[in-house]
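One structure is given below, encoded as structure tokens.
Derivation of every value follows stated rules applied to the coordinates shown; laboratory data play no part. What you see is a predicted model, and the numbers here were worked out from it, not measured in a lab. Counting neighbours? That spans all protein chains shown, and the Cβs are built from the backbone with ideal geometry, glycine included.
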Amino acid sequence: MTPTILLLNLSLCFAALTALCLSLNRHHTEVFQSKPSARRILLLRVLGWTGIGLSLTVAGVAEGWNFGPVQWIGTLTGAAVALVLLLSYRPRLIGQACGATIALAVAVSAMLQFA
């Protein structure tokens, strides 16, 4: 996997897992000090699962469907470890970290588009 594809995939996985994490009452309350509405929970879950599917598609198209899903599992695991560590030690930074990874994913996609 090229470093740019790896960075794109890692940022997509982190953002998707963060959305799924924040769809849980406990984590949402810990990060934002308020309970999420039913509409927000649904939106976060849809965004999370869409991001995971998109990251699998990126890995499969970039590396081929024989090896891409294997590397996708690795990036998904790395993003999950980063999210768990951040949630354990600095939960208030989750929103900012998610925003940064989304911006990174958009920048890397634009870079790949024009390369």
About the Cα centre of the chain, what is the dipole size in debye to 20, counting +1 per Lys and Arg Cβ and -1 per Asp and Glu Cβ, all else neutral? 520
DSSP H segments from the chain that extend 18 Å or more along their own axis, Cα-based, with Kyte-Doolittle mean of -1.0 or above: 3-22, 38-63, 68-89, 94-114
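When the helix-only estimate is applied to the chain (DSSP H runs of n ≥ 4, each -39,500 (n - 2.57), divided by the residue count), what is the mean residue ellipticity at 222 nm, nearest 500 deg cm²/dmol?
Mean residue ellipticity, 222 nm, calculated: -29000 deg cm²/dmol.
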Evaluate the relative contact order of region 3-110 (contact order divided by residue number), counting alpha-carbon pairs under 8 angstrom at least 6 apart; express in whole percent. 42
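Could you order peptides 60-68, 6-14, 85-93, 21-29 by the average number of other Cβ atoms within 10 Å of their residues, highest first?
For the peptides 60-68, 6-14, 85-93, 21-29, the packing ranking is 6-14, 21-29, 60-68, 85-93.
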With N set to the number of residues, divide the alpha-carbon radius of gyration of region 3-110 by 2.2 N^0.38 Å and report two decimals. 1.06
Which listed residue (PHE67, VAL84, CYS13) has the Cα farthest towards the positive end of the charge dipole for region 3-110, taking +1 on Lys and Arg C-beta and -1 on Asp and Glu C-beta about the Cα centre? VAL84
